[in-house]
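This report concerns only the one structure given below.
The values are calculated or read from the model by the stated rules, or taken from the named source; none is laboratory data. A quick note: this is a predicted structure, and the numbers were derived from the prediction, not measured. Because the Cβ atoms are built from the backbone with ideal geometry, glycine has one as well, and the counts that use them run over all protein chains shown. In case anyone asks, the SASA skips ligands and DNA or RNA and just uses the protein heavy atoms, side chains included. Shrake-Rupley method; radii C 1.70, N 1.55, O 1.52, S 1.80 Å.
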Amino acid sequence: MLKVGLTGGIGSGKSEVSRRLSDRGAVVIDADKIAREVVEPGTEGLARVVQVFGDEVLRADGTLDRERLGSIVFSDSERLAALNAIVHPLVGARVAELQERADEDAIVVYDVPLLVENKLAPMYDVVVVVDAADEVRLARLTGARGMPEQDARARIAAQAGREERLAAADVVIRNEGTLEDLDARVDELWTELSARR
């Protein structure tokens, strides 16, 4: 089994790379998706989030208002740390469960937004960083995602800087061009990963 840590700052296009690797046969374990699952209604995770942050982080239907919670934690490092202390252990347990199910010769891609921030690089055989300039990421967040500029800047600032992320990389995928450019780069990456298996 080849364990690949895939990361990139918000708006870098990491999810596009993850999707393309899945299409090529990788087993993708998406930490963000799992992080959403562990705070669904009725879970221990959601109960603990509400205990710490209050009922105002819930929508009327009882689901977590991720945007509201994000606006609270991404401008306050202590509150972000409190949220991470709840969610990260639950995510870790689910990731371990999914990893156990993968074939022993699989290329397992761990899509982990905060890989660098949480110093997780040593857990992987290969660390792939999807990189784009901060201005490009900001334009994607405010344009395609419709995020207010202040929120987008706060989220970028809450993550590791580009230099820190690039320093952790074994492979860097630059993603400032077209989706066709990205496809070509993912093809090269898949060939490289397949050879390391």
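Quick notes
- Taken together, the criteria place Val39 among residues that are part of a loop (DSSP other than H, G, I, E, B) and either under 18 Å from Asn118 (Cα atoms) or among the β-branched types (Val, Ile, Thr) (or both).
- Per the listing Ile10, Ile34, the residue uniquely under 15 Å from the mean Cα position of the chain (by Cα) and closer than 17 Å to Ala102 by Cα is Ile34.
- Any hit, segment 144-159, residues being within 18 Å of Gly5 (Cβ to Cβ) and out of contact with any His (no Cβ under 7 Å at 6 or more places or on another chain): yes
- Looking only at segment 173-191, and only at residues there that are β-branched (Val, Ile, Thr) and assigned to a helix (DSSP H, G or I), the one that is surrounded by the most Cβ atoms within 10 Å (Cβ to Cβ): Val186
- Residues considered: Val130, Val57, Val116. Of these, the only one that is surrounded by 15 or more Cβ atoms within 10 Å (Cβ to Cβ), more than 16 Å from Lys14 (Cβ to Cβ), among the aliphatic types (A, V, I, L, M) and in contact with a helix residue (DSSP H, G or I) (Cβ under 7 Å, 6 or more places away or on another chain) is Val57.
- Only a single item in (1) among the basic types (Lys, Arg); (2) modelled with pLDDT under 95; (3) under 21 Å from Arg19 (Cα atoms) is not met by Arg162, and it is number (3).
- So Val108, is it within 13 Å of the chain's Cα centre (by Cα) and either exposed (fewer than 15 other Cβ atoms within 10 Å of the Cβ) or not polar (S, T, N, Q) (or both): no
- Taking segment 138-153 as the range and being in contact with a Ser or Thr (Cβ under 6 Å, 6 or more places away or on another chain) and either open to solvent by less than 10 Å² (accessible area, probe 1.4 Å) or of a type in the set (Val, Ile, Thr) (or both) as the test, only Ala152 passes.
- Some residue of segment 94-105 being small (Gly, Ala, Ser) and open to solvent by 60 Å² or more (accessible area, probe 1.4 Å): no
- Odd one out for Thr7 among (1) assigned to a helix (DSSP H, G or I); (2) within 30 Å of Arg185 (Cα to Cα); (3) hydroxyl-bearing (Ser, Thr, Tyr): (1)
- For segment 37-54, a residue qualifies if it is open to solvent by 50 Å² or more (accessible area, probe 1.4 Å) and either within 21 Å of the chain's Cα centre (by Cα) or on the phi < 0 side of the Ramachandran plot (or both), and the qualifying residues are Glu37, Glu40, Pro41, Glu44, Ala47, Arg48, Gln51, Val52.
- Only one of Arg48, Arg36, Arg20 that is of a type in the set (Lys, Arg) and in contact (Cβ under 8 Å) with a residue 60 or more places away in the chain: Arg20
- Test: residue in segment 93-108 that is more than 18 Å from Asp32 (Cβ to Cβ) and touching an Asp or Glu at 6+ places or on another chain (Cβ under 8 Å): no
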